[in-house]
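See structure below.
The values are calculated or read from the model by the stated rules, or taken from the named source; none is laboratory data. Since this is a predicted model, take the numbers as computed values, not measurements. Virtual Cβ from ideal backbone geometry, glycine too; neighbours counted across all protein chains shown. Ligands, DNA and RNA are stripped out before the accessible areas are found, and what is left, the full protein with its side chains, is counted by its heavy atoms. Shrake-Rupley method; radii C 1.70, N 1.55, O 1.52, S 1.80 Å.
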Amino acid sequence: MYHRNMDTQPDIASIAFLIGEPTRATILTALLGGVSLPASELGSRCQLTQQTVSAHLAKLVAGGLLVVEPRGRHRYYRLASAEVGQALEAFQVIAPRPPVRSLRQSEEARALCLARTCYDHLAGTLGVRITHAMLQHGYLREADNNYVLTTEGEQWFTHLGIDLPATRQKRRAFAVPCLDWSERRHHLAGALGASLASHLLKQGWILRVPRSRAIRLSEAGQRGLSQELDLQF
C-alpha cells in the first residue's frame, strides 16, 4: 500500500538523480544567475570536453531542468523556470560548503555572499537587507508565508519606475520569500523580486560581475538605496 501511494507523488528521485551528479550540479549552478550560456562556455567552466558536456546538457533538458534556445549557429542553455532556480537555492541552504583552498576562491565566495542573483532576483546580504528595509518601511508585509505589497509599497514601486500591472500579469507567484543560503534569512523572490532586480540593473545601481552571478553595488546604487530605503554602506 505504501509503494502504491508513493507512485502518486511527484517523482523527486528522478530530479535528485539529475541534480546529484557533480558535473550536472556545476552546470546548473553556473546558470543559477539567470543567464543563458552556450555549451562551449559551460564546458570551459566545468573543464569538460564538448562531447561530455553536451551529453549532460541533453539529460538536463530532457529532465525539464534546462531549456535550449538556438541563436544563429549556437545553442544557448538556461534554467527552465524560476521554480528550478528556487529549488537549487533551497538545496544550497542545506548543502555543506566546500573548503576554500585559494585566495581566489575566498574572494569569489565573499562576493557571492555579499550580493548575487538567485535566478532573476537579488540574494545575498544585499538582497536580504533590501527586503528587510522594505518590510520596515511598510512597503511589504508578511502573511501566510508570502509577502503582500501594501498601498505604500505600490506607491513606492511606482515611484521607482516599476510597472506593477505588467509585473502582476506574469505567470508566476507575485511576491514570495526565498530562504537565502548564505544569510539564513529571506529575500524577496517572485515576479516582484525579479522586476526590482531588473530595474536596479537598468538604472546602474547594481552591476553584474563577469563570469559570475555575483553582483556589485555601484556608487549610484549606494546613494539611491540610502535615499530610498535609508540603507547605509
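For the reader, a short list of remarks on this structure follows.
- Region 88-233: relative contact order in percent, alpha carbon pairs under 8 Å with at least 6 residues between: 26 percent
- Of all the options L164, L114, L57, the one that moves most in a Gaussian network model of the chain with Cα springs shorter than 10 angstrom is L164.
- Counted residue by residue at 0.36 nm each, then reduced by the alpha carbon distance between them, the extension gain from V100 to D11 reaches 28.6 nm.
- Taking the C-alpha atoms of region 96-233, convex hull volume expressed per residue in Å³: 120 Å³
- Derived scalar couplings ³J(HN,Hα) [region 85-93; Karplus, 6.51 cos²θ - 1.76 cosθ + 1.60; whole Hz; x for Gly, Pro]: x, 5, 5, 5, 5, 5, 4, 5, 4
- For region 1-81, the share of accessible area belonging to carbon and sulfur comes to 57 percent (1.4 Å probe, ligands and nucleic acids excluded).
- Accessible solvent surface per residue of region 15-171, calculated while the other protein chains remain in place, 1.4 angstrom probe, Å²: 56 Å²
- Region 193-207 - phi-based ³J(HN,Hα) in whole Hz, Karplus 6.51/-1.76/1.60, Gly and Pro as x: x, 5, 5, 5, 4, 4, 5, 5, 5, 5, 6, x, 6, 10, 10
- Long-range HN-HN contacts of D180 with modeled amide H, under 5 Å: R185, H186, H187
- Of C113, C46, C178, the residue with the greatest mean-square motion in the GNM of the chain, using alpha carbon springs below 10 Å, is C46.
- Exposure rank, largest accessible area first [K170, K202; 1.4 Å]: K202, K170
- The Cβ shell under 11 Å around E108 holds other residues with a net charge of +4, Lys and Arg each +1, Asp and Glu each -1.
- Accessible area ranking (1.4 Å probe, heavy atoms, ligands and nucleic acids excluded), largest first, for D120, D163: D163, D120.
- Accessible area of region 107-233 belonging to carbon and sulfur atoms, whole % at 1.4 Å probe: 47 percent
- Accessible surface area normalised per residue over region 183-233 is 52 Å², counting heavy atoms of protein chains with a 1.4 Å rolling probe.
- Degrees between helix 219-229 axis and first principal axis of the chain (Cα, 0 to 90, nearest 10): 60 degrees
- Heavy-atom accessible area order for E154, E83, E89, largest first, 1.4 Å probe: E83, E154, E89
- Quarter of Cα convex hull surface for region 60-166, i.e. mean projection, nm²: 10.8 nm²
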